[in-house]
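Below is one structure; the comments refer to it alone.
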Amino acid sequence: MGAGKSWMGRRLASRTGWDFVDSDTAIEEEAGLSIPEMFDLGGETKFRQVELRVIRRLLAGPPIILSTGGGAFCQPDTQQAIRQEALVIWLHARPETLLGRIDNLQSRPLLAGPDPLAVMRRLAVERQPYYQQADIIVDTDGLTQKQAFEKLCRQLLRAERKQA
């Protein structure tokens, strides 16, 4: 949350000519339910099953820029599916930075409680071991969206040159 996945994903898609897909939106469209409704009805286990199925379907199609929910890459089967088919990018920033980028905390159910910063710090600690496995890590602390995007593009070019 607050990393800039959607903003940067859309710009990267524009540069590549590929479609941008937010996996959470695709999941909601396929299920005909919002993510909170899915959690209420089937719990996290059911949601993660649907998430894995949708991500596999998306990655099996034409090339896309895919933005996933924060917990997706922390699920072993989902992580494996993504790593097999995609270049994985982690847009890293400190929890304080991420929280400062979120305009409407009420739109983020995980952050609706009394101490959203504590939640962001806990998630950062829990998810860091998974995120560190990304192919490219872009530290976006202290950068504008445009600066972060330029940094991402430079790192993608370097990665492309290494593969060539």
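Structure values in brief
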item	result
Within-12-Å neighbourhood charge of Pro36 [Cβ basis; K, R +1; D, E -1]	-4
Mean ellipticity per residue at 222 nm, deg cm²/dmol - from DSSP H runs of n ≥ 4 across the chain, formula -39500 (n - 2.57)	-19500 deg cm²/dmol
Rounded FRET efficiency, nearest 0.05, which uses the C-beta distance separating Glu126 from Gln80 and R0 of 25 Å	0.85
For the stretch 31-68 versus the stretch 116-151, the gap between their alpha-carbon centres in whole angstrom	22 Å
Among Pro129, Pro76, Gly42 the positive-end extreme of the charge dipole of the chain (Cβ point charges)	Pro129
Most mobile of Pro114, Pro129, Pro36 in a GNM of the chain (Cα contacts under 10 Å)	Pro114
The stretch 64-164: relative contact order as a whole-number percent, Cα under 8 Å and 6+ apart	33 percent
Kyte-Doolittle mean at least -0.5, axial Cα span of 20 Å or more - DSSP H helices of the chain	35-60, 116-131
Computed magnitude of the charge dipole of the chain (debye, nearest 20; Cβ of K, R +1, Cβ of D, E -1)	700 debye
Label point distance in nm, Ala118-Lys146, each placed 7 Å from Cα along Cα→Cβ	3.9 nm
Within straight-line cross-link reach of Lys162, lysines at Cα separation under 28 Å, skipping those fewer than 8 residues along the same chain	Lys5, Lys146, Lys151
Of every Cα-Cα pair in the chain, the percent that sits beyond 27 Å	23 percent
Calculated SAXS-style log₁₀ I(q)/I(0) at q = 0.11, 0.13, 0.14, 0.20 Å⁻¹ - the stretch 73-164, Debye, Cα scatterers	-0.39, -0.55, -0.63, -1.11
Inverse of mean 1/r across different Cα pairs in the stretch 37-89, Kirkwood, Å	11.6 Å
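Here, each number is a calculation from the coordinates, and none is a lab measurement. This structure is a prediction, so every number in the text was calculated from the model and none was measured. Every residue, glycine as well, gets a Cβ built from its backbone with ideal geometry; the counts of neighbours run over all protein chains shown.
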